[in-house]
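Read the structure below first, then the notes.
The values are calculated or read from the model by the stated rules, or taken from the named source; none is laboratory data. Fair warning: this is a prediction, and the values are worked out from it, not measured in the lab. Counting neighbours? That spans all protein chains shown, and the Cβs are built from the backbone with ideal geometry, glycine included.
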Amino acid sequence: MIGFLKADGYEVKSNRESGKGRFDIMVIPYEIDETAIIIECKYSKNKAVLKKESEDAAKQIIGMNYQQGLKDEGYDNVIGFGISFFKKQCYITKI
């Protein structure tokens, strides 16, 4: 998934410490006024829990304060996505 996110003008980091834990993926623009993205992924055991686990992943970004490192570096525009996967399906919650 990280390879899909690589683009000119952005750095992609994964599984690094930030806030109170380790985020899954962070997409950081080289320009500080652009939007930075934090992605937390969950792998669901069945389709019925896709939405809940996506919401839990989004809450984890806030609860573990993953955005703090970016804020400390001066990024004001930070968005997050909690994504849960089950086989070829996924559910995405934006924060």
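The table for this structure:
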{"quantity": "Residue, farthest from GLY82 (Cα to Cα), within the range 25-42, restricted to residues that are within 10 Å of the chain's Cα centre (by Cα) and either among the polar types (S, T, N, Q) or crowded, with 22+ Cβ neighbours inside 10 Å (or both)", "calculated": "ALA36"}
{"quantity": "Members of the range 43-66 found to be surrounded by fewer than 16 Cβ atoms within 10 Å (Cβ to Cβ) and over 11 Å from the mean Cα position of the chain (by Cα), listed by number", "calculated": "TYR43, LYS45, ASN46, LYS47, ALA48, VAL49, LYS51, LYS52, GLY63, ASN65"}
{"quantity": "Pairs with Cβ under 9 Å, 6+ apart, first in the range 1-30 and farther than 20 Å from ALA58 by Cβ and modelled with pLDDT of 90 or more, second of a type in the set (Gly, Ala, Ser) and assigned to a loop (DSSP other than H, G, I, E, B)", "calculated": "PRO29/GLY9; TYR30/GLY9"}
{"quantity": "Positions within the range 1-46 being outside any strand (DSSP E or B) and either among the β-branched types (Val, Ile, Thr) or touching a His at 6+ places or on another chain (Cβ under 8 Å) (or both), in sequence order", "calculated": "ILE2, ILE32, THR35"}
{"quantity": "Residue in the range 74-91 that is of a type outside the set (D, E, K, R), surrounded by fewer than 18 Cβ atoms within 10 Å (Cβ to Cβ), without any contact (Cβ under 8 Å) to a residue 24 or more places away in the chain and assigned to a loop (DSSP other than H, G, I, E, B) present", "calculated": "no"}
{"quantity": "Subset of the range 44-59 that is of a type outside the set (D, E, K, R) and in contact (Cβ under 8 Å) with a residue 24 or more places away in the chain - its residue that is farthest from GLU31 (Cα to Cα)", "calculated": "ASN46"}
{"quantity": "Filter result for TYR43 (within 22 Å of GLN60 (Cα to Cα) and of a type in the set (Phe, Trp, Tyr))", "calculated": "yes"}
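The rows are residues; the columns are (1) of a type in the set (Phe, Trp, Tyr); (2) in contact with a Phe, Trp or Tyr (Cβ under 8 Å, 6 or more places away or on another chain); (3) modelled with pLDDT under 95; (4) on the phi < 0 side of the Ramachandran plot.
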{"site": "ILE39", "(1), (2), (3), (4)": "no, yes, no, yes"}
{"site": "LYS42", "(1), (2), (3), (4)": "no, yes, no, yes"}
{"site": "LYS52", "(1), (2), (3), (4)": "no, no, no, yes"}
{"site": "LYS59", "(1), (2), (3), (4)": "no, no, no, yes"}
{"site": "GLY63", "(1), (2), (3), (4)": "no, no, no, yes"}
{"site": "GLY80", "(1), (2), (3), (4)": "no, yes, no, yes"}
{"site": "PHE86", "(1), (2), (3), (4)": "yes, yes, no, yes"}
{"site": "ILE92", "(1), (2), (3), (4)": "no, yes, no, yes"}
